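I am attaching a structure below and will ask some questions about it afterwards.
The values are calculated or read from the model by the stated rules, or taken from the named source; none is laboratory data. Note that the coordinates shown come from a computational prediction; the quantities given were computed from them, not determined experimentally. Here the Cβ positions follow ideal geometry from the backbone for every residue, glycine too, while neighbour counts run over all protein chains shown.
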Amino acid sequence: MSGKLVRVGTVYIPVTDVERSAGWYADQLDAKVSYRDKDKAIVNFAGISFFLVKAAEGERSNFTDIHGEERFSLTFEVDGIEALEDLHAEFTDQGIRVGNIENRGHAGRNFVFSDPDGNRFDVWSELSPVYVRPNA
């Protein structure tokens, strides 16, 4: 065993209504629902399994940074600024809560979007250099 972590396999996201959330992730983000019961659903997209877990009202995956800003805990990547702009427009047209496309002073651009429970996610226009496309 090398002792090194290889990949992220599962991310847990708190939700208030498992049925509604599973439907939203499937409809809005093209996730595939592979399991669902009254307390959780497993949705798969972006190469990761996301467990949508029924949580107490007000629970979110976000956190507050030292400057008092609410932050996301996960960034998705797309392949280039055009892909970012297209996704931003698509999410806007779908009525998903999205922030403006931002220049954060590093390579690429970003925007933030939220699910129905207020879990915030980031999207970045740069693919990580070590990313290997499936079936590439």
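Which of the residues that make up the range 27-54 are surrounded by 15 or more Cβ atoms within 10 Å (Cβ to Cβ) and among the charged types (D, E, K, R)?
Arg36, Lys40, Lys54
Please verify whether Ser49 is more than 18 Å from Val112 (Cα to Cα), free of Cβ contacts under 8 Å to residues at least 24 places away in the same chain and in a strand (DSSP E or B), treating the condition exactly as stated. Reasoning before the result, please.
Working: more than 18 Å from Val112 (Cα to Cα): yes; free of Cβ contacts under 8 Å to residues at least 24 places away in the same chain: no; in a strand (DSSP E or B): yes.
It is false that Ser49 is more than 18 Å from Val112 (Cα to Cα), free of Cβ contacts under 8 Å to residues at least 24 places away in the same chain and in a strand (DSSP E or B).
Shifting gears a bit: Would you point out the residue of the range 91-124, among those that are at pLDDT 95 or above and of a type in the set (Gly, Ala, Ser), that is farthest from Gly23 (Cα to Cα)?
Ranking the candidates gives Gly99 first.
From the residues in the range 7-26 that are touching a residue at least 60 places away in the same chain (Cβ under 8 Å) and assigned to a strand (DSSP E or B), which one is surrounded by the fewest Cβ atoms within 10 Å (Cβ to Cβ)?
Residue satisfying both the conditions and the ranking: Val11.
If the requirement is being closer than 24 Å to Ala26 by Cβ and among the acidic types (Asp, Glu), which of these qualifies: Asp79, Asp65? Steps first, answer last, please.
On the way: Asp65 fails: closer than 24 Å to Ala26 by Cβ.
None of the other options fit; the residue is Asp79.
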